[in-house]
Amino acid sequence: MRRSPDAPAYPIPSHVAFLHYGESEMRDAVFEFLLAGLERPNEALFCFGEPGVGERLLRYLESRVGRDLSPEYRAGRIVLGTADPDVDRQLENVIAPLEALSTSGFALVRFVGVVAWNVLDFPPPEDFLWFESKLNEVISGFPVIGLCPYDLARMPARAIVYGALETHPFVLSDGALRQNPQFIRPDRYLRERLLALPWLQDEGRARVQARDLRPGLPDGSGP
Amino acid sequence: MGQVGFARSDQLVTAPGHFALIHHGEEELRETLFDFLSPALDDPMQAIYLCGPPGWAARLLGHLETGVGRDLSSLATERRIILGQGDRDVDQQLQNLLDPVRELCERGFSPVRVAGPAAWDVPGYAAPEDFLWYESRVLPGIQGLPVAIMCTYDAARLPASALLYGALETHTHTMINGVVSESPSFLPSDRYLKTRLIHLRWLEPDSRRDVTSAWEDRPARGRRSQTR
């Protein structure tokens, strides 16, 4: 199985937003990315996402390389991780395997975290954005390339602006890896963006308006 | 190539220039319109062109009037502020932009500041793939002219594909959260047409559509141009 000769040259460590449209574009690029690691015995693969996503990526990889990868999985060279609605637990679900893989001596971990937005089994958007920003600090301590696919066919635009663009130092689209000038460092992102997400302010205003419109209830007397 | 400043910040854009404001909701739009357009009101050498889907130019003017706290209809009467609009035919839409902008330049105004919102898949407006062609042709159309164009992309309303294929890939710069930065994804017009526009994934026969909703609010789809 041959890889494309002009595969992106990812820095190590790096945290990359991959903007794609639809599942087939995602699968092709993720396959290239994972296959490069599979061919090097000193690299490990870590597939992460909503429940079942990691398994599906592994099955797809197996179908493309034409062999059973369960020996690599059992040996701990391929790890499957699952998202969690509790963002602290989700972060732990990423950090613990990275630590284990690093301790095992792998020179590089290729991490694919398939992004979801506003769905069950995944942190709420504002928590997920914190997670994405925090990953920059986490990743800086490991030999890891983190690839986060954002599906333009499934995501709202706000996920691209606040997530893909503002929490990733690199963006991959249409096969080209680019440094991302819109990236905001985690401490600034938390202060300037996360605490002032416009849709949370809109919801806050709407709640206040709804409360004010309720007849016969003094302030603070709601349920 | 000149530089065009803002009222409240030290950001600069070039003229000729074509940048995308990526904002969230009407309030941020109103504030940035004031920031970008109001310096033209204090300088008789500058002019403004407002455009967008039907009705939007007047709406933008209303936002600007609210921001500066005065009636600007006299400037519209003397055509120092011109209100235009888009068209479902993108050739016509491009002409609707370039004709008044050239008129203002010929009358000696410099710079001419232009603002117009991006719309996507709305009735009476160009189909998305036509709109993207239009966006990619704007910068070549104003070459050599002292014109700075701000296209506004509302992240609260548009689908994600509008942001990548439109805001990021057809504009040399973006403005997000008050900061202007280069768009590394920008593709020059010819390359955009050859490598991007004719390969848009949703136009390919095997592409999935509507896997889940990509829209925050979804209007009925407009008709694609039959001339392109």
Using only helices, what value at 222 nm comes out for the protein assembly as shown when you add -39,500 (n - 2.57) per DSSP H run of length 4 or more and divide by the total residues, to the nearest 500 deg cm²/dmol?
-> -10500 deg cm²/dmol
From largest to smallest, what semi-axes in whole angstrom does the protein assembly as shown give when each is the square root of 5 times an eigenvalue of its alpha carbon gyration tensor?
-> 42, 26, 20
Placing +1 at every Lys and Arg Cβ and -1 at every Asp and Glu Cβ, with all other atoms neutral, what dipole size does the protein assembly as shown have around its Cα centre, in debye to the nearest 20?
-> 660 debye
Long-range amide H contacts for A:A44: which residues qualify at under 5 Å (H placed 1.01 Å from N, peptide plane, sequence gap of 5 or more or a different chain)?
-> A:L108, A:V109, A:R110
How large is the charge dipole for chain A, taken about the Cα centre, if only the Cβ atoms of Lys, Arg (+1) and Asp, Glu (-1) carry charge, to the nearest 20 debye?
-> 260 debye
So how do B:K194, A:K134 line up by other beta-carbon neighbours within 10 Å, fewest first?
-> B:K194, A:K134
For chain A, what relative contact order do you get, as a whole percent, if you take Cα pairs closer than 8 Å and at least 6 residues apart?
-> 28 percent
Karplus couplings for the stretch A:159-167 from phi (6.51 cos²θ - 1.76 cosθ + 1.60, θ = phi - 60°), rounded to Hz, Gly and Pro as x?
-> 5, 6, 5, 6, x, 4, 7, 8, 10
For the Cα atoms of chain B, what angle does the longest principal axis make with the long axis of helix B:90-106, in degrees from 0 to 90, nearest 10?
-> 20 degrees
Please list B:69-79, A:85-95 highest first by mean number of surrounding beta-carbon atoms within 10 Å per residue.
-> A:85-95, B:69-79
Round to the nearest 10 and give me the degree value, 0 to 90, for the angle of helix B:56-68's Cα axis relative to the longest principal axis of chain B.
-> 40 degrees
Using a 10 angstrom cutoff on alpha carbons, build the Gaussian network for chain A and name the most mobile of A:D151, A:D212, A:D84.
-> A:D212
How long, wide and thick is chain B, going by the Cα atoms along their three principal axes, in whole angstroms, largest first?
-> 54, 33, 31
In debye to the nearest 20, the charge dipole size for the stretch B:15-201, taken about the Cα centre with +1 at each Lys and Arg Cβ and -1 at each Asp and Glu Cβ, equals 280 debye
Partner shielding of A:7-14, as the mean number of partner chain Cβ atoms within 10 Å, equals 0
Normalised Cα Rg of chain A, dividing by 2.2 N^0.38 Å with N its residue count, works out at 1.14
Return the average number of partner chain Cβ atoms within 10 angstrom of each residue Cβ along peptide B:196-202.
-> 2
Those chymotrypsin sites (Phe, Trp or Tyr not before Pro) in the stretch A:1-56 that DSSP places in a loop and that have at most 11 other beta carbons within 10 Å | none
Under a 10 Å cutoff between Cα atoms, tell me which one of B:A47, B:A15, B:A160 has the largest fluctuation in the Gaussian network model of chain B.
-> B:A160
Would you mind checking which residues have amide H under 5 Å from B:A155's amide H? H placed 1.01 Å from N; only 5 or more apart, or other chain.
-> B:H23, B:H24, B:G25
With the dipole of chain A worked out from charges on the C-beta (+1 for Lys and Arg, -1 for Asp and Glu) around the Cα centre, which of A:A159, A:S104, A:L35 lies farthest toward the positive end?
-> A:L35
Going by how many other beta carbons lie within 10 Å of each one, how would you line up B:I22, B:I198, A:I78, fewest first?
-> B:I198, A:I78, B:I22
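Any read-out appearing in this document is the output of simple, stated calculations on the displayed coordinates, not a laboratory observation. Owing to the predicted nature of the structure, the values given are computational and were not obtained by experimental measurement. Don't worry about glycine lacking a Cβ; one is built from the backbone with ideal geometry, like all the others, and counts go over all protein chains shown.
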